[in-house]
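Here's the structure we're looking at; comments come further down.
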Amino acid sequence: MKQVFQLINIQLKEFYREPAILFWAFVFPIAMAGVLGIAFKNRGSEEVKIAILENSYQLEELKKVLDSTHNKNEKSKEKTFTPDSDKLPSLKFLVLSKNEAIRDLKRGKLNIIVEKTQGGKIRFFFDTDNPNGQRDYLLILAKIRSSYTDFELQVDRLDSKGMRYIDYLVPGMLAMGVMNSCLWGVGWNLIEMRMKKLLRRMSATPMSKLSFFLSFFLQD
């Protein structure tokens, strides 16, 4: 292990000797994550899909309550509510079966499912860890409370795929870091040592090949 630590110490000293390497290894990934986060932070008004179960009690009445525009389309099961404020999303209501709605929610195609039972209970199905699901739940709940004064509320938790930008940004940055480490941290160092004919010199020493390659992976 003493050989491994000595090799790691040598490689770290060579690493910190180049200011450009420090920039690309530490400053650039953080700056790139910050720029992309700011660029995609405010997307303006978006359209979100909300499912109404087709077996809901008094389905037409429930659709009228949720669709504040009262625009009926006999050929389509979709209804869209567009708020006046640009900060609020436009809501598209889809009439689906329970299996289809749960499948789409778990795939991230919609945020919330609404159902009205025969006993007057309003059921919501959504992922409580999803901020978009919580937002849509509060929007729909406010619309329902404006029309119904006496109703029972039930929230059922379902897990859905991550839909936030940060859910893709952080894993992507980690994957890019691993890729750069493999390409430049291991591959390029071996190529550079071969160009300088250092590999041939090291092979003549009593150092084991396992310790030599292990030092590269422990360094990264």
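The values are calculated or read from the model by the stated rules, or taken from the named source; none is laboratory data. Because the structure is a prediction, the values reported are computed rather than measured. Here Cβ is always computed from backbone atoms with ideal geometry, including for glycine, and neighbour counts include all displayed protein chains.
Exactly one condition in (1) within 14 Å of L7 (Cα to Cα); (2) exposed (fewer than 15 other Cβ atoms within 10 Å of the Cβ) is false for W188; which is it? Of (1) within 14 Å of L7 (Cα to Cα); (2) exposed (fewer than 15 other Cβ atoms within 10 Å of the Cβ), only one is false for W188: (1). Note on the stretch 113-158: residues that are surrounded by fewer than 17 Cβ atoms within 10 Å (Cβ to Cβ), closer than 16 Å to I102 by Cβ and aromatic (F, W, Y) amount to 0.
In the stretch 192-220, the residues that are closer than 16 Å to I10 by Cβ reach residues that are of a type in the set (S, T, Y) with C-beta atoms within less than 6 angstrom, at least six apart or across chains, in these pairs: D220/S181. Quick check on D104: is it over 20 Å from R145 (Cα atoms) and either modelled with pLDDT of 75 or more or surrounded by 14 or more Cβ atoms within 10 Å (Cβ to Cβ) (or both)? When the stated conditions are applied, D104 passes them.
Each residue in the stretch 196-209 was checked for being among the aliphatic types (A, V, I, L, M) and either closer than 14 Å to Q6 by Cα or exposed (fewer than 10 other Cβ atoms within 10 Å of the Cβ) (or both), and 3 of them qualify.
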